[in-house]
Amino acid sequence: MVADGLAVLFCGINPGLMSAATGHHFARPGNRFWPVLHRSGFTPRQLRPEEQGELPGLGLGITNVVARATARADELAADEFRAGGELLRAKVGRLRPRWLAVVGVTAYRTAFREPKARIGPQERAIGGTRIWVLPNPSGLNAHWTTESMAEEFGRLREAAFGPAGGGPGTGRTGTS
C-alpha cells in the first residue's frame, strides 16, 4: 500500500507466510504492528490487516525491504537485504514520503550498510525523505513491549504530524 507524497512509509522486513497467503501486511495474529500503530496515535482506531487500504487516506503506507516470504526474517540472506535496500531507495525516490520508517533495526543495518544504527531518527536521508528506525513488532521481539513500541512509534508520529493532538485525520500535519 503505497502512494505519492505520504507522510510516513512504513517498511517491514519481508512478508511472513500468513501475510503472503492473505496479501495483507503484518497479518500474523501475534504481530503487534496494528495495535502499536493505533496506540501511538497513527490511526483513529485499531485497524485489521485487511483494512490496510485505509492507510493512504491517513498519509501512511506500507512496503517491505525484501519481497520474498519466509517463516522467519532470519531466513533471509544479507545480499537479499542489500538488494532490497537498493530497490527501497529507488521506491522512496519516486514516492517521496516525508519519512521512511524501517520496522526492524537489524534489517535497516544490513539493507543500508549502517552496522551501528540504533532505533530512532537516522542521519541518513533519501533525497528529502528522512529515515526513522522502529522496533520490530513481531511477537518474537521480546525486548520491546507493546507499550514501549507505541512510545517509539509515537515519537515518529509527532515528528511527522506535530505534537499530541495532531496526526492523521485531525487536519494537523507537521512540517518535519
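The values are calculated or read from the model by the stated rules, or taken from the named source; none is laboratory data. Keep in mind that what you see is a predicted model, and the values were worked out from it rather than measured. Note that we place each Cβ from the backbone using ideal geometry, even for glycine, and neighbour counts take in every protein chain shown. These accessible areas exclude ligands, DNA and RNA; they are computed on the full protein's heavy atoms, side chains included. Shrake-Rupley method; radii C 1.70, N 1.55, O 1.52, S 1.80 Å.
Results, tabulated for the structure shown:
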read-out	value
With every protein chain in place, the chain: carbon and sulfur % of accessible area (1.4 Å)	51
Per-residue [θ]222 nm for the chain (sum of -39500 (n - 2.57) over DSSP H runs n ≥ 4, rounded to 500)	-9000 deg cm²/dmol
The chain: C-alpha gyration tensor shape, a/c 1.5 cut-off, then a/b vs b/c	rounded
Rounded to whole Hz, the Karplus (6.51, -1.76, 1.60) HN-Hα couplings of the stretch 23-28, x for glycine and proline	x, 10, 5, 6, 7, 5
For Ile131, distant residues with modelled amide H under 5 Å away	Leu100, Gln122
Whether the stretch 71-157 is rounded, prolate or oblate, judged on the alpha carbon gyration tensor where a/c under 1.5 counts as rounded	oblate
Amide H contacts under 5 Å for Thr63, placed H, 5+ residues apart	Phe10, Cys11, Gly12
Charge dipole (the chain, unit charges on Cβ, about Cα centre) - positive-most of Gly5, Thr145, Phe42	Gly5
Solvent-accessible area per residue for the stretch 8-161 (1.4 angstrom probe, square angstrom)	47
